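Only the coordinates and a few stated rules stand behind these numbers; no lab work does. All of these numbers come straight from a predicted model, not from anything done at the bench. Note that we place each Cβ from the backbone using ideal geometry, even for glycine, and neighbour counts take in every protein chain shown.
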Amino acid sequence: MNIYRKDTEYAESHYTHKFFIRLKGGKMIKIKYLFFILIFCGLYIGCAKKENDPDVLFQTSTINALLEGIYDGAFTLKELKQHGNLGLGTFNSLDGEMLMLQGVIYQVNADGKVYKIADSIKTPFSVVTFFEEDKTISLDTTLDYKSLEKFLDKNLPTKNIIYAIRIEGLFKYVLTRSVPAQEKPYLPLAEVVKTQPEFEFHNVKGTLVGFKFPEYLNGINVPGYHLHFITEDKKGGGHLLECETEKIKIAIDFTERLFVSLPETKEFYDADLVKGKDLEKVER
Ligand code: ZN
């Protein structure tokens, strides 16, 4: 969370420098540099915020909050789109699986169909980034999900940073799930997914998008791989449970910075977010 660290260091290191201004009549006055540095930083940060920062992963809430049944957030999809063009998540009241691709947000509903969704809808948990591929790999081998994970692991420079992943191409088989919208009082996610609808695809073209988080960020996000799928015709998809690749192109975005926006809600404030005991049941 130190995205402005460089500016701060710069300001501090120049704190004691003096700046001179000559007034009418030749009088010199000294002004501390800091004033000007602050104006400069203000302008710079103002500009930087308007630009899309591609190297920051943006996340709303935490995975443990979702596991605890905190299914309502205050963040709209319109706001989310300002922080990325690729990602995944879910919608308020846990109304289906979210996938963002090329800036478009898709909702894979519990009926297995894909819907475009209004910008005013809110999200309780989502992760997005402005995707820029740092590495691409073409793969013509048939791999199941476990083997694909191992293959990806071998091609990553370290297990200690975050990766955004986009995999497009032809799949022999894909198994996904979605979740039905919930009513209050909300059940924990582990209870909801006991009756999750699952969807099978055979010989299908489509795209997987998602992330790999380091183990040490367990509780903040899903450690390991978390991918959502959408078919090329944008008619089906969901949270990936299993797959068999046929001919795919993998693109990976190495990400060193994470920004987490925490909900300012009573439910979030009161929740026990340390446990996360159900993660394996829910996201694997
Ligand atoms: Zn998911």
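Fully extended, how many nm does the chain gain between Ser120 and Leu262 (0.36 nm per residue separation, minus their Cα-Cα distance)?
On the way: separation 142, 0.36 × 142 = 51.12 nm, distance 1.89 nm.
Fully extending the segment from Ser120 to Leu262 adds 49.2 nm.
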Of the listed pairs Lys159/Lys205; Lys205/Lys275; Lys172/Lys194; Lys113/Lys172; Lys116/Lys275, those with alpha carbons more than 32 Å apart are Lys205/Lys275; Lys116/Lys275
May I ask you to derive the FRET efficiency for Val274 and Ile161 from their Cβ-Cβ distance with R0 = 35 Å, giving the value to the nearest 0.05? 0.90
Given points 7 Å out from each Cα along the Cα-Cβ axis, report the Glu132 to Asn203 separation in nanometres with one decimal. 4.1
Compute the Rg to Rh ratio over the stretch 184-284 from the alpha carbon atoms, using the Kirkwood formula for Rh, and round to two decimal places. 1.00
P(r) histogram, all alpha-carbon pairs of the stretch 56-283 included - 5 Å bins from 0, percent: 1, 7, 16, 20, 22, 18, 11, 4, 1, 0
Per principal axis, descending, Cα span of the stretch 107-233 in whole Å: 44, 36, 30
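Subtract the Cα-Cα distance of Thr76 and Asp55 from 0.36 nm times their separation in residues, and report this length gain in nm to one decimal. Don't jump to the answer; show the numbers that get you there.
On the way: separation 21, 0.36 × 21 = 7.56 nm, distance 2.17 nm.
Extra length available between Thr76 and Asp55 comes to 5.4 nm.
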